[in-house]
Amino acid sequence: MLYIHKTFSISVQQNLLQANIELINEPVNKKLQAIEPAYEKIPPGILRRMGKSIRMGVGAALPLMSETDPVNGIIMGSANAGMEECVKFLNQIVQYEEGQLTPGNFVQSTGNVIAGQLGLITRNKGYNVTHVHAGLAFENAVLDAIMQLNTNPSNSYLLGGVDEISSFHYNIEALAGTYKKEEVSNKVLYEAGSPGYLVGEGAAMFVVSAEANNFIAKLTAIATIHSTDIELVQAQLKMFLQKNLEAGTAIDLFLSGENGDNRTLPFYTACETLLADDTAIVRYKHMTGDFPTASALGLWYACEFLQQQVPQHMFKKKTSKTSYRNILLYNNFKGLQHSFILVSKAW
Amino acid sequence: METAELKLQVKKQIIEFLNLISVKPEDIKDDEPLFGEGLGLDSIDSIELIVLLGREYGIDIKDPKEGRKVLTDINTMVAYIEQHRTK
C-alpha cells in the first residue's frame, strides 16, 4: 500500500496548465501528441539537449520536487525512454563510420535518462531506478515503490511513468499493425470497431509515501499478469478483488484502459462482467492515446476522479453516483500485459 | 566563400548542432566568447563543435589546447576554418 500526496501530468490534453479534462484535443496524422508547456523549471542549457520524453518526464516531475521537502528516491517506468535519441545516435555510428559522434544524442539515449537527469538537476543522490518492462513498466515502478516503502516506511519517493512517440518506434509498430490504419477521431474512438489503437504519449508523476497524512489517494493493491487467455485474466481479476477489496466495500468506478482496438476489447468486456450493477465504467484513452506507460496517466485520472466530477464524454456506463470512493483500474497492453490497480479516497 | 558569408554559415551551423532554439545568427557576435560568458556553452558543446568542424569542413582537431584557442569566438573559428578546411 502507498499514499499519493501530489500528482502532475503532461499529456495530449494540456493537463499541466490546468486540469481541464473536459477538453478533447484530436489526433494529428493519427498521433495524439502531447502538448508541451514552457518548462520554466528546467535550466535552458539543459533543456536544449533533452529529447521529448526527457522534457516531458523532467518537466512533469520538477514541480513536485521541492527543495524544502525532498524525496528520498526516484522510481520511473518507461518502456522506451530516449528511443528517438538512441536511434539518432545509432544512425550517426553508421553514417560517420564510428568516427565523428556527438555526445548529445548518446547521453540522452539510455533507458534511465529521465530518472538520471532528475537526480542530477535536483541533486538527489537517493535510490534511482527505471523499470522498462514494456506495457508493465509503470506497474513495476509502482511495485518497486511499495517494496521500498515496506523497507523504509518513513521515506517518500517520486514515482512516474513516461513515454514518447519516437519516429523509429512508430514506424516499426505501424508496420506491425499495432495502430489504426484508418484516420479515426478520438471522439468516436470506441465506435471504430477496427483493429489497432491511436498512439499517444505523455508523463504522469506522483509523490508517494507510507504516511497517511494529507494524501489524495491510497493505492491499496496492484497485480500484474502476462497472458493472452481472456478467462485466465478474468479469473485473476476476480481473485484480486476477493483478496484486496475490504469487506463491506464495493468498486464504484471501473477505470478501463479500453483503447478502441477490437482485438483487446474482449478482455475489457470479460472484466466488466465481474462488476456490480452500480459500478460506473469510465474510459480515458480517447484523451491520452495508448502507449506502454499510459496506465500512469490512468492513475492520474483516478486521482482526479476522487476529487472532481467525471466529464460526460468519459463514461461508458453511468450510475446514480456522482462521487467515487473505490476505483479499480484495469489496463491491457497489446492483449498480453495486464494490470489491476485499486485506488481509494482519503477519508 | 567570403568571410562574412562563412561567419553566417558557421553561426547557423552552431545553432543547429547545439539546438539553440531561441538564438538567432544575429544574436551571436563575432568577438563574443562562445564559452562561459557570452553564448554560455559548456564542455559537452565543445565536443559537439569539434565534431561540427570535422563533419562540415574536414578539420580534425586532436590537441585540446588547440581546440580551446580555435573555439574562443566566431572570429577565431572562422579564421581557423579558412586556413585548414579540406572541404
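Rule-based calculations on the coordinates, nothing more; no lab input. Just so it is clear, the model here is predicted, and its values are computed rather than measured. Note that we place each Cβ from the backbone using ideal geometry, even for glycine, and neighbour counts take in every protein chain shown.
Would you please give the FRET efficiency between residue A:213 and residue A:171, computed as 1/(1 + (r/R0)^6) with r the Cβ-Cβ distance and R0 = 60 Å, to the nearest 0.05?
Taking R0 as 60 Å, the efficiency between residue A:213 and residue A:171 is 0.80.
Quote the FRET efficiency, to the nearest 0.05, computed for residue A:273 versus residue A:28 with a Förster distance R0 of 45 Å and r equal to the Cβ-Cβ distance.
Efficiency, from the Cβ-Cβ distance: 0.80.
So if we plug the beta-carbon distance of residue A:220 and residue B:42 into 1/(1 + (r/R0)^6) with R0 = 60 Å, what FRET efficiency do we get, rounded to 0.05?
Efficiency, rounded to the nearest 0.05: 0.80.
For the stretch A:277-321, report the translational diffusion coefficient in µm²/s to the nearest whole number, using Stokes-Einstein at 10 °C, 1.306 mPa s, and a Kirkwood Rh over Cα pairs.
141 µm²/s
What is the Rg over Rh value, at two decimals, for the protein assembly as shown, using alpha-carbon atoms and the Kirkwood definition of Rh?
Numbers: Rg = 24.6 Å, Rh = 23.5 Å.
Taking Rh as the inverse mean 1/r over Cα pairs, Rg/Rh reads 1.05.
In nm, give the distance between the simple-model label positions of residue A:94 and residue B:16, each being 7 Å from the Cα along the Cα-to-Cβ direction.
2.1 nm
Using modelled backbone amide H atoms (1.01 Å from N, in-plane), which distant-in-sequence or interchain residues come within less than 5 Å of residue A:127's amide H?
Counting only residues 5 or more places away or on other chains, the set is A:74.
With the cut-off at 22 Å, report for the stretch A:68-193 the share of all Cα pairs above it, as a whole percent. It would help to have the intermediate numbers written out before the result.
On the way: 4087 of 7875 pairs.
Considering the stretch A:68-193, 52 percent of its Cα-Cα pairs are separated by more than 22 Å.
Can you tell me the dipole magnitude for the protein assembly as shown around its Cα centre, using point charges on the Cβ only (Lys, Arg +1; Asp, Glu -1), in Debye to the nearest 20?
Roughly 840 debye for the protein assembly as shown.
Given +1 on the Cβ of Lys and Arg, -1 on the Cβ of Asp and Glu, and no further charges, what dipole in debye does the stretch A:131-250 carry about its Cα centre, rounded to the nearest 20?
Numbers: 6 positive and 13 negative charges, 54 e Å.
Charge dipole, the stretch A:131-250, about its Cα centre: 260 debye, nearest 20.
Placing +1 at every Lys and Arg Cβ and -1 at every Asp and Glu Cβ, with all other atoms neutral, what dipole size does the stretch B:3-84 have around its Cα centre, in debye to the nearest 20?
Computed about the Cα centre, the dipole is about 140 debye.
Between B:8, B:64, B:79, whose Cα lies farthest towards the positive end of the dipole of the stretch B:3-84 when Lys and Arg beta carbons carry +1 and Asp and Glu beta carbons carry -1, centred on the Cα centre?
Highest projection toward the positive end goes to B:64.
Find me the longest stretch of chain B that has none of the exposed GluC sites (Glu not before Pro), where exposed means in a DSSP loop (not H, G, I, E or B) with at most 16 other Cβ atoms within 10 Å.
Result for the longest clean stretch: B:38-87.
Among the lysines, select those whose C-alpha is under 17 Å from the C-alpha of residue B:87, and discard any that sit fewer than 8 residues away in the same chain.
Residue B:87 reaches B:7.
Report the residue, chosen from A:221, A:137, A:276, that carries the largest GNM mean-square fluctuation when chain A is represented by alpha-carbon nodes joined by springs under 10 Å.
A:276
Please name whichever of A:45, A:189, A:104 sits farthest to the positive end of the charge dipole of chain A, dipole taken about the Cα centre and charges placed at Cβ: Lys and Arg +1, Asp and Glu -1.
A:45
Quick check: net charge around residue A:303, other residues with Cβ under 12 Å of its Cβ, Lys/Arg +1 and Asp/Glu -1?
Computed value for this residue: +2.
Can you list the GluC sites (Glu not before Pro) in the stretch A:78-169 that are in a DSSP coil and have 15 or fewer other beta carbons within 10 angstrom?
Those that pass, being in a loop and sparsely packed, are A:97, A:98.
Output the pairs from A:6/A:218; A:52/A:218; A:187/A:285 with a Cα-Cα distance over 19 Å in this structure; if there are none, say none.
Beyond 19 Å: A:52/A:218.
For residue A:317, which aspartates and glutamates qualify as cross-link partners when the Cα separation must be under 15 Å and same-chain residues fewer than eight apart are set aside?
A:191, A:252, A:258, A:272, A:277, A:278
Quick one: give the max-minus-min coordinate of the C-alpha atoms of the stretch A:204-335 along each principal axis, largest first, in Å.
Result for the stretch A:204-335: principal-axis Cα extents of 41, 32, 31 Å.
Take every Cα-Cα pair in chain B and report what % of them are more than 20 Å apart.
Result: 23 percent of Cα pairs exceed 20 Å.
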